[in-house]
Amino acid sequence: MASSCCSRKLLLLRLPIYRALKPNSSLTIKTSFLSTFTHRYLREPSSSLSKSYLSEVSRSFCSRSSPLHDASEGPAAIDYRSLLQEDEYHRLANATIHDLLDKLEEYGDSVDIDGFDVDYGNEVLTLKFGSLGTYVINKQTPNRQIWMSSPVSGPSRFDWDQNSQGWIYRRTKANLQKVLEDEIEKLCGSAINLS
């Protein structure tokens, strides 16, 4: 009796699967149309849709002009000659992050914010402001950058700038310490000096 019950259940499970896999005439029509379309228009150039037309369309789609009119509005070009050697990058990035750590710990002692915590481990600086949000600042060695995740402005990638001797976000040309000072003051209502 138990074996007939199990075989009946198996049969009931197979039926919906069989129906789903059963060849459908409308599906066959759609498939044949699609294969004819791709064969005719994508594999063989025709007079109505030539390769030159496709390349022109893709070129115009991929290389639209930027709506930015002034070079100062967009990201600055990367000067690859100015990329730091790895040991110099580590020296500058570590000095910056450790300096931020010291100043943020001092700041934490001077403000009364529930959930305030500064932590540094595995080369990641984490700054928690309780319900106000969390900052994460870390090194990205392959790019020679410092990355910051902010509850106010989102993610940012800072490159070392020889001229200003600081970490600069290329899109806005903002300095890492200045961004942190402005955002922390807005979050906490108390000024901080990180420079």
(request) Using a 1.4 Å probe and ignoring any ligands, DNA or RNA, find the accessible area of residue 178 and quote it in Å² to the nearest 10. (result) 100 Å²
(message) I'd like the Karplus ³J(HN,Hα) series for region 137-144: coefficients 6.51, -1.76, 1.60, θ = phi - 60°, whole numbers in Hz, and an x wherever there's a Gly or Pro.
(response) 10, 8, 7, 10, 4, x, 8, 6
(message) Using only the heavy atoms of the protein chains and a 1.4 Å probe, how would 150, 164 rank by accessible area, largest first?
(response) 164, 150
(request) From largest accessible area down, sort 147, 167; use a 1.4 Å probe on the protein chains. (result) 147, 167
(message) 5 Å is the cut-off here: which amide hydrogens, built 1.01 Å from N in the peptide plane, fall below it relative to residue 166, excluding neighbours closer than 5 in sequence?
(response) 161
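The values are calculated or read from the model by the stated rules, or taken from the named source; none is laboratory data. Quantities reported herein were computed from a predicted structural model and do not represent experimental measurements. Only protein heavy atoms, including side chains, enter the accessible area calculation; ligands, DNA and RNA are left aside. Shrake-Rupley method; radii C 1.70, N 1.55, O 1.52, S 1.80 Å.
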